[in-house]
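Scroll down for the structure; my scribbles are underneath it.
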Protein chains: 2
Amino acid sequence: MSAQPPVRKPRVDAERNRLKLLATAKAVFASKGMDVGLEEIAREAGFGIGTLYRHFSTREALIVQVYRNEADQLAAAAERLAIEQPPVAALRAWMLLFVEYFATKQIIAGALATMVSGRELYATSGGQITKSMTLLTDRAVARGEIRLTVEPLDLLRAVAGVANGGAGSDWEAHARAMVDILIAGLRVPGGDVPTSG
Amino acid sequence: MSAQPPVRKPRVDAERNRLKLLATAKAVFASKGMDVGLEEIAREAGFGIGTLYRHFSTREALIVQVYRNEADQLAAAAERLAIEQPPVAALRAWMLLFVEYFATKQIIAGALATMVSGRELYATSGGQITKSMTLLTDRAVARGEIRLTVEPLDLLRAVAGVANGGAGSDWEAHARAMVDILIAGLRVPGGDVPTSG
DNA sequence: TTTAAATGCGGAGGGTTCCTCCGTTTTCAA
DNA sequence: TTGAAAACGGAGGAACCCTCCGCATTTAAA
């Protein structure tokens with residue numbers, strides 16, 4: 001039964017090159033924008049375009065991997081906030097953190113927005129973010145502090161819409177303000193936060 | 001001084017072809033999605049690609065013209081609603097209408113979203129929409145029924161974010177729900193709608 | 001009606017990108 | 001050491017957007 005596939009140790013050069021490509025891609029995306037040609041990234045890393053494509057079968061695959069760390073960090077923050085803060089505060093804090101990612105790493109804005117949108121290819125990273133939002137909203141709903149008439153992710157989509165579209169210089173402030181508008185809009189009419197914690 | 005440019009009557013065939021291209025583009029965009037090649041549109045209309053480009057100097061220019069009608073209709077609706085309905089109700093109704101445009105003509109979602117986002121090229125159509133939103137929100141703010149901490153357009157950006165990103169089948173319902181979340185979030189804390197309206 | 005100028009038309013092809021394919025080179029394990 | 005498995009490089013296929021310019025059609029004047 002067991003075909004005993006001759007497991008070869010993965011070649012060290014390949015992994016080293018993969019990491020080099022990843023790092024270079026991140027740097028180049030940051031300095032030249034998200035729409036640079038992949039050939040430029042490959043050249044900058046010192047490889048041929050073929051090598052890049054063997055490691056990352058498509059442009060989107062590369063982007064996903066480059067920003068997986070960011071998604072991981074957001075997910076970790078969600079779990080921490082869920083433990084450390086009361087439900088609505090945690091939700092709000094995390095959404096503001098999401099905005100901050102748009103702000104400090106403007107470059108990845110497109111990538112984050114796509115993760116939040118319906119594209120299939122971002123399923124992995126997007127799944128992280130979906131999970132985070134669900135975790136945070138579920139708590140608040142369970143305590144009766146908010147009522148949810150949309151999917152948890154829709155809240156991020158709204159924020160991302162503001163952050164993406166804002167040509168004005170104040171888009172970050174507006175995105176933050178949008179978080180509070182959303183939170184206010186979700187609060188159940190009569191429900192004050194129970195001070196008993 | 002006056003060079004007296006010999007004004008020639010514009011050729012009728014050119015205008016006829018322009019309209020034909022516009023109609024064909026609308027149909028093809030609707031049936032095959034917004035990312036069809038322009039060559040296919042030209043062929044379907046019975047022209048060469050060169051003709052299409054003479055009339056619409058760029059892909060975006062074509063899209064803008066195709067959906068200018070839609071933007072005009074939305075603008076007209078805004079003025080009507082502003083007259084016929086109380087401020088917040090008018091604002092809500094118009095935003096729901098905006099969602100409806102996403103729903104019935106899903107295809108143009110991308111175009112509408114782009115108008116609402118910061119792209120320069122959509123300035124004309126986008127300007128219409130900005131004006132509509134400002135008209136509607138200003139009234140409600142003036143009456144003290146809502147407080148605005150974001151640009152009027154940011155509300156649409158939020159809705160568009162939901163409508164665009166929603167892969168699920170219920171995205172329209174969610175976008176509508178988002179409108180109400182936003183309205184609720186904008187309402188000034190103690191302020192009930194004056195029934196005397 | 002004829003004629004010349006102005007305008008419109010068609011589609012080959014230039015320039016970019018994304019991605020594939022396969023001969024060559026490097027690494028790993030026996 | 002050596003042979004096979006895995007990785008590399010880059011030419012080039014495919015799909016687009018858009019430009020260019022010789023040819024066809026329309027307009028206005030003779």
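Assorted remarks:
- Estimated distance in nm for a label pair at B:Arg16 and B:Arg43, the labels positioned 7 Å out from Cα along Cα-to-Cβ: 2.5
- Estimated distance in nm for a label pair at A:Arg8 and A:Val36, the labels positioned 7 Å out from Cα along Cα-to-Cβ: 3.2
- Axis-nearest residue of A (beta carbon) for the A-onto-B rotation, whole Å: A:Gly161, 1
- Between this copy and the others, label points of B:Asp138 are 4.7 nm apart in ascending order, each placed 7 angstrom from Cα in the Cβ direction.
- Shown for B:Pro10: label points 7 Å from Cα along the beta-carbon vector, and their distances to the equivalent points in the other copies, 6.1 nm in ascending order.
- Cβ-based charge dipole, the range B:13-57, positive-most Cα from B:Ser31, B:Ile49, B:Leu21: B:Leu21
- Listed by chain and number, the aspartates and glutamates whose alpha-carbon sits under 19 Å from that of A:Lys26, ignoring those within fewer than 8 places in the same chain, are A:Glu15, A:Asp35, A:Glu39, A:Glu40, A:Glu44, A:Glu60, A:Glu70, A:Asp72, A:Glu100.
- Distances, shortest first, from the label point of A:Asp35 to those at the same position in the other copies read 1.4 nm; the point lies 7 Å along Cα to C-beta.
Only the coordinates and a few stated rules stand behind these numbers; no lab work does. Just so it is clear, the model here is predicted, and its values are computed rather than measured. Counting neighbours? That spans all protein chains shown, and the Cβs are built from the backbone with ideal geometry, glycine included.
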